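One structure is given here, and the rest of the page talks about it.
The values are calculated or read from the model by the stated rules, or taken from the named source; none is laboratory data. Here the structure is a predicted model, which means the values were calculated and not measured. Neighbour counts are summed over all protein chains in view; Cβ atoms, including those assigned to glycine, are modelled from backbone coordinates with ideal geometry.
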Amino acid sequence: MTGFSECNFIMRWYHFLLDLSVTLVLWSYYTLGFVLFFSPFYFLATIFAGNRQSAFQKLNHIFYKGFFGIVKRLIPACRWQIPQEVREIRSSVIVCNHRSYIDAILLISIYARHTTIAKARLFRIPVFGSMLGLSGYIPSEAGGRFAEMMMDLMARMEGFLASGGNVIIFPEGTRSRDGRIGRLNKGAFKLAKMCKVPVKVLFIENTDKLFKPGKFLFNAHSPNTVTVALAGEMNPDYRSDQFSINGLVAEVHALLEKT
């Protein structure tokens, strides 16, 4: 019995040290890697890029693609299922359930041409907030100091979508702690109606097992499969008298609950 307890103790420490080591490498890439290797390219894009928004989005995509490349190498216990039909989505408002902090950066790593909604407080952080603005990301608050930015982004949104860009939105607004689908905010669906584009519904599973809400460490030792599936595609006739935002929201909510 004593031997069994000692084995459990050793395994717990091994798992902790493995999780800690992997986490430190990943956060080192996220911070030092950005400062040392990526920040010069952002600086050059700020000065020389003809379309700074597109250039910043591409750099963000490459940066996070590199992040998940490291995740895949360091955590072989975690497998990934992201079908080609998900990777090929273009010119759409993408709505998705929300399980972990890494959900947003995972989708950014999939789509080079993208924008998304970020919390308004992040735009107030020096340098980082400027990067969000230059990337064409949308502040979660439309008033105050962000009113002009929001108006400019909305004025260009139709052209951005028509040129192949995607808008990534988590309409629950926050992460689900129990896997249930919360109430969906209507903003994503109003945007789709305004720009007359499809709504693509994605369903993410098990990112919360890889990086659990409320935890600092990545789970590098437990077998896991992260999936990003295309749950459905909505192509409403926005001009129809029968169309309603509430009906579209209800349809997407039911689809996410069923997936």
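Could you list, in sequence order, the residues of segment 129-156 that are of a type in the set (A, V, I, L, M, F, W, C) and touching a Ser or Thr at 6+ places or on another chain (Cβ under 8 Å)? Of everything in segment 129-156, those that are of a type in the set (A, V, I, L, M, F, W, C) and touching a Ser or Thr at 6+ places or on another chain (Cβ under 8 Å) turn out to be 134, 138, 153.
Output yes when any residue across segment 240-248 is assigned to a loop (DSSP other than H, G, I, E, B), at pLDDT 95 or above and buried (at least 16 other Cβ atoms within 10 Å of the Cβ), and no when none is. Checking segment 240-248: not a single residue is assigned to a loop (DSSP other than H, G, I, E, B), at pLDDT 95 or above and buried (at least 16 other Cβ atoms within 10 Å of the Cβ). Filter segment 178-214 down to residues that are in contact (Cβ under 8 Å) with a residue 12 or more places away in the chain and in contact with a Lys or Arg (Cβ under 9 Å, 6 or more places away or on another chain), then give me how many there are. Number of matching residues: 9.
For the structure I just gave you, tell me whether residue 158 is among the charged types (D, E, K, R), over 25 Å from residue 25 (Cβ atoms), in a helix (DSSP H, G or I) and in contact with a Cys (Cβ under 9 Å, 6 or more places away or on another chain). Judged against the criteria, residue 158 is a match. The residue pairs whose first member lies in segment 231-259 and is over 26 Å from residue 84 (Cα atoms), whose second member is of a type in the set (Phe, Trp, Tyr) and in a loop (DSSP other than H, G, I, E, B), and whose beta carbons are closer than 8 Å, counting only pairs six or more residues apart or on different chains, are 237/243. The numbered conditions (1) of a type in the set (Phe, Trp, Tyr); (2) part of a helix (DSSP H, G or I); (3) over 15 Å from the mean Cα position of the chain (by Cα) are all true for residue 68 except (3).
Pairing each residue of segment 215-226 that is farther than 11 Å from residue 20 by Cα and free of Cβ contacts under 8 Å to residues at least 12 places away in the same chain with any residue that is in a strand (DSSP E or B) and among the small types (Gly, Ala, Ser), provided the two are 6+ apart or on different chains, yields no C-beta distance under 6 Å.
I'm trying to understand the selection: among the residues of segment 123-143, which are part of a helix (DSSP H, G or I) and either in contact (Cβ under 8 Å) with a residue 12 or more places away in the chain or farther than 25 Å from residue 211 by Cα (or both)? Correct list: 123, 124, 130, 131, 132, 133, 134. Just one of the numbered conditions (1) over 23 Å from residue 192 (Cα atoms); (2) free of Cβ contacts under 8 Å to residues at least 12 places away in the same chain; (3) outside any helix (DSSP H, G or I) is not true of residue 100: (2).
Give 118, 104 a once-over and let me know the one that is surrounded by 14 or more Cβ atoms within 10 Å (Cβ to Cβ), in contact with a Leu (Cβ under 7 Å, 6 or more places away or on another chain) and of a type in the set (Gly, Ala, Ser). Criteria check complete, one pass: 118.
Of the residues contained in segment 162-174, none is found to be closer than 30 Å to residue 14 by Cα, modelled with pLDDT under 95, surrounded by fewer than 17 Cβ atoms within 10 Å (Cβ to Cβ) and polar (S, T, N, Q). Listed by first and then second residue, the pairs with beta-carbon distance under 8 Å, at least 6 apart or on different chains, first residue in segment 22-35 and touching a residue at least 60 places away in the same chain (Cβ under 8 Å), second small (Gly, Ala, Ser) and surrounded by 13 or more Cβ atoms within 10 Å (Cβ to Cβ), are 22/220; 23/220. Checked against the criterion of being modelled with pLDDT under 95, within 26 Å of residue 204 (Cα to Cα) and not hydrophobic (A, V, I, L, M, F, W, C), the candidates 30, 64 yield just one match: 30. Hey, any hits in segment 4-20 for a residue that's within 29 Å of residue 117 (Cβ to Cβ), crowded, with 16+ Cβ neighbours inside 10 Å, at pLDDT 95 or above and of a type in the set (A, V, I, L, M)? Looking for residues that are within 29 Å of residue 117 (Cβ to Cβ), crowded, with 16+ Cβ neighbours inside 10 Å, at pLDDT 95 or above and of a type in the set (A, V, I, L, M), one finds none in segment 4-20, hence no. Scoring residue 86 on the criteria (1) over 9 Å from the mean Cα position of the chain (by Cα); (2) assigned to a strand (DSSP E or B) leaves a single failure, condition (2).
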